[in-house]
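Since every read-out is calculated from the coordinates, none of them should be taken as a lab result. These figures come from a predicted structure and were not determined experimentally. Glycine gets a Cβ as well: all are built from the backbone with ideal geometry, and neighbour counts include every protein chain shown.
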Amino acid sequence: MDHRSLLERWLRGIALALVVVFFMFPILWIVLMSLQTNETILRSPPSVVFTPTLQNYAALISGRLETEAGALDIAFMSNLMNSVILSVGSVALALVLGVPAAYAFARHRFRGSEDIAFTLLSFRFAPPLLVLLPLTLYFQDLGLADTYFGLIWVYQLICLPLILWIVRGYFEDISPDIELAYRIAGHSWWATFRRIALPLAGPGIAAAGLLAFIFAWNNFIFALVLASADKQPVTVGALAFVTASGIQYGQIAAAVVLSIAPTLALALWAQRYLVEGLSLGAVKG
Amino acid sequence: MTATTGTARRRLRVAQGVLPYLLSLPALLACIGILIPFGTAVYYSLQRFRLSQPWNRGMNWGDNYIAFLGDPGFWNTLRISLTYAFLTVGLELVLGLGIALLLQRRTRINNAVSIMLLMPLMTAPALAALMFKLMTNPNFGILSYVAGLLGFPDMRWGASPSTALLTVVMVDIWVYTPFMMILLLAGLRSLPSQPFEAAALDGVPRWQQFWRITLPMLMPYILTASLFRLLDSIQQFDIIYAMTQGGPGDTLMVFQVEAYLTFFQSTNVGRSAALLIILWAITFVLSNIFIKNWLRLRARARGVS
């Protein structure tokens, strides 16, 4: 079946190498940068020969940056903590709300079910600011402006449709006969849901949860508009850090590395689930 | 005894009827929670409402929208948003299709590369913009250095009006091309092999196989992926805001950046809301087309597997 000429194989190899360089180089470069002091970063021409140092990470983790001009406090670790709280909290809430609803949509055709499912889906595609800007005014009235809960609630705009639609597809793939047989054997609805439906849809729930976590972690605009300074996640925090620290390039690079490391690690660990989830069940990878 | 089982069964049936509503009630409430601010935005868009002038607030009905007709800022926003969306999606489609064709065979190297390409997609767009901002820094950025070597010593990337669009489009391509690639690769690998074998037997050249067989059969995937990206791209905020905040000047004032700045800097809530409603109308039309396409594709993938 292999009727490729040597030339074609070479061209393919070169094209593939270019693809890898273009997509991997920025990540490699930022990691290298995070291991350098400002002096080696500012060398011209740039060079890959340097003595790696962990001082940028040490400064971020200890939260204090000693410069010639004096000490600077960095709140970056609390940003990282906020990201963890917000992402884990929103995914947990979205699973609790979304999985039963997905089951209801998959198993029972009831009046309005399609309308609800579609409204949720179409809001996934609506401009987020449309909802966020009125919410800033509401949040101040409701006293939610300075809370994790307010943000976690708004994050459902990202997480809930994702979980609802992916998990629904998985429930639809399970034959209802298995559940029916278990019901006839005298088990309650709840036991059937817990012991049969949930485990069978497990991989789908995991894929949806992972994807929701990554989208929540990577979100920028929600937190930029709604989060007060002490509730900001890394995406907003890193940007504020650039403005505040200005020329501490090594620390900025280290902050970016720490911010993207969790999602990249998750992506590599669970890549098979992600590919399935990303296509929203449109194609089974 | 029959009576008691009868009531028990009726109770069961009632429970069966209520159950789906009970299960989806929280999701329904979340839905309403989203619809309320949406309604408020529509209401604001019909008002003369500046946060800095609360005494001057009142209904002005369609004035915010009518004002757009003679507002060069609005037309600039519309033009930039459409340019950005079609430029990014077009380039990502071509690149994504090319890479998917390169990776079509399931070899070990190809699988490793396709896993690697997940990494840009999993990077937060705002942070990706930050990474490229460092890479294009005039003092030490590697891309500025490379541009200098290639004969553009004064390339200022995001800071110059002539290259700002190029810079943000580059970041968008870096982040989202893998998405196109993943969908199209899954599509390519799901195509039946018989037409290709038949064409090979008949001696059809391979570039003709691509135009006559691969492309038409892949079309539903291409359409779904492009529409999905178009929906996201016309609303791009993260990359542009993190890179240049819509600048320099108004070079990159796409819808959401313009609306954000109108709300928080000019505190003109009415104009900001009206801008977003227009963007919403565009995405609403697009998303309806997309959902229809996607459901058809999904049903077909189900039928095959």
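Brief remarks on what is shown
- Listed from fewest to most Cβ neighbours within 10 Å, the set A:Val19, A:Val88 follows the order A:Val88, A:Val19.
- Net length available on complete extension from B:Arg108 to B:Val285 is 59.5 nm, with 0.36 nm assigned per residue and the Cα-Cα distance removed.
- Estimated inter-spin distance, B:Arg50 and A:Leu6, nm [label 7 Å along Cα→Cβ]: 7.5
- Spin-label pair A:Ala240/A:Ala185, simplified geometry with 7 Å Cα→Cβ offset, distance in nm: 5.4
- Computed over segment A:142-285, the Cα gyration tensor eigenvalues convert (square root of 5λ each) into semi-axes of 39, 19, 11 Å, ordered from largest to smallest.
- The mean number of partner chain beta-carbon atoms within 10 angstrom of a residue's beta-carbon across peptide B:187-197 is 1.
- Mean residue ellipticity (222 nm) of chain B, computed from DSSP H runs ≥ 4 via -39,500 (n - 2.57), nearest 500: -24500 deg cm²/dmol
- Scaled against 2.2 N^0.38 Å for its residue count N, the alpha carbon radius of gyration of segment B:111-220 is 1.52.
- For segment A:6-73, the C-alpha radius of gyration sits at 1.67 times the compact-globule guess of 2.2 N^0.38 Å, with N the residue count.
- Counted over all Cα-Cα pairs of segment B:238-305, pairs farther apart than 17 Å make up 58 percent.
- For segment A:84-226, the equivalent ellipsoid derived from the Cα gyration tensor has semi-axes of 32, 15, 13 Å, listed largest first.
- Among the residues of A:113-121, the average count of other protein chain beta-carbon atoms within 10 Å of the residue beta-carbon is 4.
- Structural size metrics of segment B:33-132, computed from C-alpha coordinates, are Rg and Dmax of 22.5, 68 Å.
- Exercise: per-residue mean of other protein chain Cβ atoms within 10 Å, A:267-277: 3
- A Förster distance of 60 Å, applied to the separation of the beta-carbon atoms of B:Val42 and B:Met219, puts the FRET efficiency at 0.95.
- Normalised by 2.2 N^0.38 Å, where N counts its residues, the alpha-carbon radius of gyration of chain A equals 1.26.
- For the pair A:Asp115 and A:Arg43, a Förster radius of 60 Å applied to the C-beta separation gives a FRET efficiency near 0.45, rounded to the nearest 0.05.
- Distance from the alpha carbon centroid of segment B:149-188 to that of segment B:253-305 works out to 22 angstrom.
- Across every direction, the projection of the convex hull enclosing the Cα atoms of segment B:84-155 has a mean area of 6.6 nm².
- Rg over Rh, two decimals, the protein assembly as shown (C-alpha only, Kirkwood Rh): 0.99
- A simple spin-label model places the labels of A:Arg272 and B:Met59 6.0 nm from each other, with each point 7 Å out along Cα-to-Cβ.
- Segment A:149-215-segment B:77-119 distance, computed between alpha-carbon centres (Å): 31
- At 1.306 mPa s and 10 °C, Stokes diffusion of chain B via Kirkwood alpha-carbon radius, µm² per second: 68
- Residues B:Trp211, B:Trp174, B:Trp55, arranged from fewest to most other Cβ atoms within 10 angstrom of their Cβ, appear as B:Trp55, B:Trp211, B:Trp174.
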